[in-house]
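Structure first, then comments.
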Ligand SMILES: [Zn+2]
């Protein structure tokens, strides 16, 4: 089985799995940072590097407790397929495309590192599907 290619996407703009503190459902919430961490980073009470460490610690902990449920959630999320049938999944957050400090990017790195047989990075923001092409009747 081919590993799932992971991409970042925007809630409301892409199919995929919501991994935000605000609105992730069920075990996808185990892949989100805590609300407290998000607010501290947004208000710049903690530097990005501290946010990253705290978030990775939280992921490590949740992975120990729930890795089976998390893998199942990712497996049943809204997968798409590339032309060569590689499964693809967008991990969704509210950051606009192109924003570089996004927890979903950290999550993609973390998943690829901790479950390398299951996941690979699907590429940069430049590879987002262009929805305007589809609307044009592709
Ligand atoms: Zn984000």
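FYI, it's all coordinate maths here, none of it is from the lab. No experiment lies behind these values; they were computed from the predicted model shown. Reconstructed Cβ throughout: ideal geometry from the backbone, glycine too, with neighbour counts over all protein chains shown.
Points to keep in mind about this one:
- Derived value for region 1-51: Kirkwood hydrodynamic radius 12.6 Å. Basis is the mean of 1/r over every pair of different alpha-carbon atoms.
- Two numbers describe the Cα atoms of region 78-120: Rg and Dmax, which are 11.7, 31 Å.
- Cα-based equivalent ellipsoid of region 4-135: semi-axis lengths in Å, sorted from largest, via gyration tensor: 23, 18, 13
- Estimated from helical segments only, the mean residue ellipticity of the chain at 222 nm is -12500 deg cm²/dmol, where each DSSP H run of four or more residues counts as -39500 (n - 2.57).
- Sorting 1, 37, 61 by the number of Cβ atoms found within 10 Å of their own Cβ, with the fewest placed first, yields 1, 61, 37.
- Relative contact order [Cα under 8 Å, 6+ residues apart], the chain, whole percent: 41 percent
- Considering only the chain, percent of DSSP beta bridges that pair antiparallel, nearest 5: 15 percent
- Of all the options 28, 104, 86, the one that moves most in a Gaussian network model of the chain with Cα springs shorter than 10 angstrom is 86.
- 0 to 90° range, to nearest 10: angle between helix 103-114 axis and the chain longest Cα axis: 90 degrees
- The equivalent ellipsoid of region 32-110 has semi-axes of 25, 17, 9 Å, largest first, where each one is the square root of 5 times an eigenvalue of the Cα gyration tensor.
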